[in-house]
Amino acid sequence: MNSPAMASTVVEAGQIEGSYLTDGFTVRSWLLTTDHKRIALLYLATITMFFFIGGIAAALVRLNLIVPEGLLGSAEAYNRLFTMHGVVMVWFFLVPAVPVTLGNFLIPLMLGARDLAFPRLNLFSWYLFILGGAVTLWALFAGGVDTGWTFYTPLSTAYSKGHVVLAAVGIFIAGFSSIATGLNFIVSIHRLRAPGLTWYRMPVFLWSLYSLSVLLVLATPVLAITLLLVVLERLFHIGVFDPAIGGDPLLFQHLFWFYSHPAVYMMILPGFGVVSEIIPAFARKPIFGYKFIVWASVSIAVISFFVWGHHMFVAGTSLYSAVLFSILSYLVGVPSAIKVFNWLGTMHKGYIRFDAPMLYALGFIGLFTIGGVTGLWVAALAADVHLTQTYFVVAHFHYIMVGGMVSAFFGGLHFWWPKITGRMYPEMWARVAALIMFIGFNLTFFPQFILGYLGMPRRYFSYAPEFQVLNVLSSAGATILAAAYLLPLAYLGWSVFYGARAPANPWGATGLEWQTASPPPTVNFIQTPLVTQGPYAYSPPASEGEPHV
Amino acid sequence: MSSAVVHDFQYESPSHQAQTAVAGMWLFLATEVLFFGGLILSWIYSRHWNQIGFDAGARETKLWIGTLNTGILITSSFTYAAGLTWIRAGNTRRLVQCLTVTLLLGVAFLALKFGLEWRDDFAKHLFPAASMFKITGAEEGGARLFFIFYFISTGLHGVHMVVGVALLLWIMQRARRGEFSALYHTPVHAVGLYWSFVDIVWLTLYPLIYLVGRG
């Protein structure tokens, strides 16, 4: 391997000419790069594309639901649209988004390392992701899949007329991309910490990504084998989920949720990490209860493996197992609440600045809390029998995934944008976008809580006329949300070329990533940093220089 | 490129890199445990509900091939480990010899498993997706289920064996070029872990296929 150190020359003390962005301008220098920062940008472009594909499908779903009889007029088309939305968003945006972009970019920087442990594996994971994504998109555009993202048997194995095999193969391939990423992160965090960077000196972001990686590595293989069994059963018209020969369709649900419930936490754990970095920086206070936040992440990861049965309360599982899964699901509330209270504790008596990243983080706390508390409602066995398969569940998990995870993603993207691009984004536009996103989101999904509570089932292309007002409100909210998502695309794109040059540490934040240039040189650090204290050594602004540009 | 002291720029030393690579392989094998684990769990679960059919299926398997293959695989892991010991002492020639024996044993396993056993299974109408199936009556469903697991698990294991054989050829090629030494032999170590893991998967499949329910 040629040494990337050659590209950067020391000009004066602490100054480096050139960055990872100027280290080669050819297409080849991007497509064959092993630099974690460039791979993060390749991923960013890819998941942005998937986000908009999934978003267009969602927009069409909301368009259909403007009128009770369904505007598109076709139940089949509707089924394919919400399946496309779910498949693309879950596997090609929500699960990978923060890890492969911010995680890829920041983990080595936060570790004080020059790259991840396995840079070539990192690039390979992107190609796997592209391949898996291409196969899945092929399936979705060649006619689509009508099973929903859950691929329940026997619908997926015997009755569905869609391209189940292709879609499952695409997800199978993308799964190995996830496994490679998780493996790389775990090994890097174990092996590449800078001198003095003990586990308890690591930023919460690293702990969150570590917990997430454990889930990626341990749960994704189970999804892989499950999808393989589905594919084989569909191809050979006989299989292990086939009740005609003594197989069990419910076994599929057990295996699927053994992956897919942890997958929900794969989506939200990196969000916890991002918010835990933003809040201390904009409250100018050390994070409250560091060890509690850290171990809350780890325990959420552990508990997530023992709650899958709450997706199957009405599937005909035994009452005793349902009671047990209900109690276990309540346990998740404990570490989640610890986190929320500790973020509030961090802000208490802090010197809060309402820059865009902080607005997203605050939105995250509020929306995640609503999503989490309604999660307890549906974890309650008696309530879930009424609420499951209604829009209440749809609203609940969108509060976690869109309200929580997507807010955190945008918060993190803005927070580290100066580090990634070396340019400041326009603050006013960013605040406006954050605000519109918050309003649009709530208008879209809050009515769905009410709709679900009133009994509107999910996954139907038509509904009873009395639900129309709330559905129109929801669709109106989706329009606002769509506009809010397009805004960052415009002004962040603009800032890459015209934004003000960012200093190394525009926020006055602690953390090793802020100690190197913006954008960082290819080698990240000219000298390997020596860590002598814990993270979040923030003090009130009086003792700091003016942090803003 | 044959220098033993080269290490990638994110590491402090060659030994730092070597230990990290081996840690990565261990973690990869952990993901493989979960991959096969889902399959084996489904197998045991399905067997629980269809015991008679599974037993009838197990009686149709060829115990002697399974047992011989078990012996072959364990021996192949032994010869690989012997090769690793030789290269730790810096003896490339012995490494290549040991790996050659390992390779032959691996190919022998594949030949017995797929050339002989699978062919025979098809000939005896034990392929579960075919309309004509040897076992009929009350045991048919369970026996078909058993053979679904049989073909999927031995097929997946076989794919892992083929990958292992390819890796062996790669290691032997590099060894012949003199790239390994007492100081640097990380790929030999990592591939050895993989080879032994595939061996262990077989040790789990062997009783499930050939022993349980045989009577």
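The values are calculated or read from the model by the stated rules, or taken from the named source; none is laboratory data. Every value quoted in this text rests on a predicted model; they were computed, and no experiment measured them. Cβ placement follows ideal geometry from the backbone for every residue including glycine, while neighbour counts extend to all protein chains displayed.
Some values worked out for this structure:
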| item | result |
| --- | --- |
| Any hit, the range B:56-65, residues being under 22 Å from B:Pro128 (Cβ atoms), crowded, with 18+ Cβ neighbours inside 10 Å and within 14 Å of chain A (Cβ to nearest Cβ) | yes |
| The range A:463-521: number of residues that are in a helix (DSSP H, G or I) and of a type in the set (S, T, N, Q) | 7 |
| The listed residue being more than 14 Å from every other protein chain (Cβ to nearest Cβ), under 28 Å from A:Leu512 (Cβ atoms) and part of a helix (DSSP H, G or I), out of A:Val165, A:Val98, A:Val88, A:Val187 | A:Val98 |
| Cβ-Cβ under 7 Å pairs, at least 6 apart or on other chains, the range A:458-474 side without any contact (Cβ under 8 Å) to a residue 60 or more places away in the chain, far side surrounded by 13 or more Cβ atoms within 10 Å (Cβ to Cβ) | A:Leu470/A:Pro447; A:Leu470/A:Ile450; A:Leu470/A:Leu451; A:Leu473/A:Leu443; A:Leu473/A:Pro447 |
| Wholly enclosed helices (runs of 4 or more DSSP H) of the range A:323-439 bearing at least 1 residues touching a His at 6+ places or on another chain (Cβ under 9 Å), under 22 Å from A:Phe272 (Cβ atoms) and not acidic (Asp, Glu) | A:356-379 |
| Of all residues in the range A:241-252 being crowded, with 24+ Cβ neighbours inside 10 Å and at pLDDT 95 or above, the one that is nearest to A:Pro203 (Cα to Cα) | A:Phe252 |
| Only listed residue being in contact with a helix residue (DSSP H, G or I) (Cβ under 9 Å, 6 or more places away or on another chain) and of a type outside the set (Lys, Arg), chosen from A:Ala537, A:Ala504 | A:Ala504 |
| Qualifying position, being within 14 Å of another protein chain (Cβ to nearest Cβ) and free of Cβ contacts under 8 Å to residues at least 40 places away in the same chain, among B:Ile152, B:Ile148 | B:Ile148 |
| From A:Trp207, A:Trp199, residue being without any contact (Cβ under 8 Å) to a residue 12 or more places away in the chain and more than 11 Å from chain B (Cβ to nearest Cβ) | A:Trp199 |
| Filter pass, A:Val145 being touching a residue at least 60 places away in the same chain (Cβ under 8 Å), crowded, with 17+ Cβ neighbours inside 10 Å and assigned to a helix (DSSP H, G or I) | no |
| Counted residues, the range A:468-498 - those being touching a Pro at 6+ places or on another chain (Cβ under 7 Å) and not hydroxyl-bearing (Ser, Thr, Tyr) | 3 |
| Evaluation of B:Arg93 against (1) of a type outside the set (Phe, Trp, Tyr); (2) part of a helix (DSSP H, G or I); (3) closer than 27 Å to A:Leu229 by Cα (one fails), failing number | (3) |
| Selection count where residues are in contact with a Gly (Cβ under 8 Å, 6 or more places away or on another chain) and either of a type in the set (Phe, Trp, Tyr) or within 7 Å of chain B (Cβ to nearest Cβ) (or both), scope the range A:212-228 | 6 |
| Set A:Tyr290, A:Tyr259: member being hydroxyl-bearing (Ser, Thr, Tyr) and closer than 28 Å to A:Met89 by Cα | A:Tyr259 |
| Looking only at the range B:119-143, and only at residues there that are out of contact with any Leu (no Cβ under 9 Å at 6 or more places or on another chain) and among the charged types (D, E, K, R), the one that is nearest to the other protein chains (Cβ to nearest Cβ) | B:Glu140 |
| Any hit, the range A:295-303, residues being among the β-branched types (Val, Ile, Thr), touching a residue at least 60 places away in the same chain (Cβ under 8 Å) and not in a helix (DSSP H, G or I) | no |
| Residue within the range B:133-145 that is among the hydrophobic types (A, V, I, L, M, F, W, C), part of a helix (DSSP H, G or I) and over 30 Å from B:Gly164 (Cβ atoms) present | yes |
| All positions within the range B:16-52 that are within 9 Å of another protein chain (Cβ to nearest Cβ) and closer than 20 Å to B:Tyr206 by Cβ | B:Glu32, B:Val33, B:Phe35, B:Phe36, B:Gly37, B:Gly38, B:Leu39, B:Leu41, B:Ser42, B:Trp43, B:Tyr45, B:Ser46 |
| B:Thr100 being among the polar types (S, T, N, Q) and more than 14 Å from chain A (Cβ to nearest Cβ) | yes |
| Pairs, first at negative phi in the range A:167-178, second crowded, with 24+ Cβ neighbours inside 10 Å and of a type in the set (Phe, Trp, Tyr), C-beta under 6 Å, six or more apart | A:Ile171/A:Trp91; A:Ala174/A:Trp91; A:Ala174/A:Phe129; A:Ser177/A:Phe129 |
| Restricting the range A:232-269 to residues that are assigned to a helix (DSSP H, G or I) and of a type in the set (Phe, Trp, Tyr), the residue that is farthest from the other protein chains (Cβ to nearest Cβ) | A:Tyr265 |
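Residues checked against (1) over 29 Å from A:Phe118 (Cα atoms); (2) not hydroxyl-bearing (Ser, Thr, Tyr):
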site: B:Val6; (1), (2): no, yes
site: B:Ala18; (1), (2): no, yes
site: B:Val33; (1), (2): no, yes
site: B:Ile72; (1), (2): yes, yes
site: B:Ser77; (1), (2): no, no
site: B:Leu104; (1), (2): yes, yes
